[in-house]
1. Counting only helical runs of four or more DSSP H residues, what would the 222 nm mean residue ellipticity of chain B come to if each run contributes -39,500 (n - 2.57) and the total is spread over all its residues?
2. With springs only between Cα atoms under 10 Å apart, run a GNM on chain B and tell me which of B:VAL107, B:VAL253, B:VAL68 wobbles the most.
3. What residue among B:GLU224, B:GLU241, B:GLU70 shows peak mean-square fluctuation when chain B is described by a Gaussian network model with Cα springs under 10 Å?
4. Each residue of the stretch B:219-228 in turn: what ³J(HN,Hα) in whole Hz from Karplus with 6.51, -1.76, 1.60 and θ = phi - 60°, glycine and Pro shown as x?
5. Karplus couplings for the stretch A:61-76 from phi (6.51 cos²θ - 1.76 cosθ + 1.60, θ = phi - 60°), rounded to Hz, Gly and Pro as x?
6. Roughly how big is the stretch A:4-86's charge dipole about its Cα centre, with Cβ charges of +1 (Lys, Arg) and -1 (Asp, Glu), in debye to the nearest 20?
7. Pairs of Cα atoms under 8 Å, at least six residues apart: use those to get the relative contact order of the stretch A:96-162, whole percent.
8. Out of all DSSP beta bridges with both ends in the protein assembly as shown, state the antiparallel percent to the nearest 5.
Amino acid sequence: MNNISDLELEIFRTLENVTDPEMPYINVVELGMVEEVEIDDNQVFIKLLPTFSGCPALDMIKGDVLRKIKEEIKRWNASLDIEVKFSFNPPWTTKRISEEGRRKLKMNGIASPDSEHKHGHSWEIDCPYCDSTHVTMENIFGPTACRSILYCNECKNPFEAMKPVANLYEKVDL
Amino acid sequence: MTKDNKYISELIYQLADDNFIHSYRGSEWLGLAPHIEEDVAFSSINQDTMGHASMYFELLETLGEGSVDELSHNRKPKDFRNAIILEEANGSGTYLDQPEYDWAFTVIRHLFFGVLKEIRLESLNQSSYEPLIHTSRKIQTEQYYHLMHWKTWFTQLMLSTQEARDKMEQAISRVWRDFGGVISLGKYGKEISDLKLIASEDELRSEWLRRIHQIFDQVGFSIEGNPGMEQGNGRNGEHTEDLTSALNILSEVYHSDIDAVTW
Ligand SMILES: [Zn+2]
């Protein structure tokens with residue numbers, strides 16, 4: 001008989017097959033969208049954090065998670081209920097993107113700003129092609145809600161960066 | 001429904017409807033913004049803002065006010081709680097037919113609203129209704145860029161040509177005459193702030209004035225007095241034809257095939 005932690009591992013492995021349809025090379029775990037996986041006798045509960053609240057991909061991602069998890073846990077216990085919920089608590093920030101996620105974004109020409117970014121401070125964004133810091137912000141608002149458009153003055157390439165999002169209240173205990 | 005819930009809903013309707021109609025008016029600029037980079041940026045801002053409206057509608061859904069779809073598409077104009085200045089058309093014509101939209105008006109309306117929205121969010125961070133704390137924190141991470149965007153437009157146009165300056169100053173007087181309606185918490189304002197859901201109208205107003213005057217100072221502009229509410233108070237269900245026509249367009253698809261919505 002398989003135990004709960006094996007199931008949890010399996011769920012995380014399955015979530016690694018769910019990607020953002022607008023960035024199919026990075027999965028939701030690497031993006032830091034998975035906040036919680038809870039398993040009890042009757043239910044699997046998955047709490048996801050939306051990157052941007054108006055992101056049109058959210059419904060697709062939720063549907064994809066539901067479908068893939070359902071498929072996967074059928075082999076374990078078909079009677080388990082599955083609930084997938086988006087939550088704004090805590091807010092998603094760029095800090096949540098994993099090292100592997102950052103590497104994949106970079107390979108696809110998307111820089112990840114300083115994960116320790118604080119509001120009001122200037123960003124340190126390196127060109128994903130030549131690593132130069134000599135870059136110019138062209139448009140904070142890029143092709144999707146979570147991306148900005150920049151230009152590298154060194155290698156003369158336009159590139160994108162994940163829009164730096166920091167939580168003003170990270171250190172406040174509730 | 002308890003009495004407290006009634007006031008909680010009342011406030012959230014105001015927050016939801018402001019963002020909803022504001023996002024819609026912004027989205028009508030798609031393809032018409034001054035340049036292509038602005039088109040990209042403004043669309044993104046409108047998408048975020050509609051996301052904020054949707055977060056507030058979700059809170060209303062959990063309070064038993066109806067589903068998000070019903071709340072956004074199936075209410076009568078008199079049930080809307082948005083401020084009147086936010087429902088006003090962008091100019092004459094429609095986005096399909098001879099749009100003579102006013103960019104100065106749009107910049108001022110967005111700047112004024114952005115500053116108030118920031119203050120409201122800071123206040124909602126301390127709300128006695130916990131779901132508003134989480135929602136406001138999430139919105140703040142996105143709103144930061146919106147306000148920065150409109151401040152940039154404001155400063156550049158105010159310090160540009162005389163023609164630009166004149167248009168901007170006209171837009172300021174126009175929005176000023178009705179912006180009191182955005183600051184208003186409506187007829188239940190006292191109950192709403194007594195419950196500590198959000199700061200009082202007076203506090204919101206004086207903080208808004210402080211920040212707006214600070215922005216004005218940087219471009220050598222000043223204005224006296226408090227913003228007015230000449231066309232009525234949208235918080236109490238008073239609205240103009242502009243809201244009715246906007247809602248008709250917004251809900252056209254919803255009403256054309258209810259089954260398709262639940263697809
Ligand atoms: Zn470069």
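1. -22000 deg cm²/dmol
2. Evaluated over chain B, the most mobile residue of the options is B:VAL253.
3. Highest fluctuation of the listed residues: B:GLU224.
4. Using θ = phi - 60°, the values come out as 10, x, 10, 9, 8, 9, x, 9, x, x Hz.
5. 5, 4, x, 5, 4, 4, 5, 5, 5, 4, 4, 5, 7, 3, 6, 8
6. With only Lys, Arg, Asp and Glu charged at Cβ, the dipole is about 260 debye.
7. Here the relative contact order equals 27 percent.
8. Bridges in the protein assembly as shown that DSSP calls antiparallel: roughly 70 percent.
The values are calculated or read from the model by the stated rules, or taken from the named source; none is laboratory data. In this text the structure is predicted, and so the values were computed from the model without any measurement. Neighbour counts run over all protein chains shown; Cβ positions are idealised from the backbone, glycine included. Please note that ligands, DNA and RNA were not included when accessible areas were found on the heavy atoms of the full protein model with its side chains. Shrake-Rupley method; radii C 1.70, N 1.55, O 1.52, S 1.80 Å.
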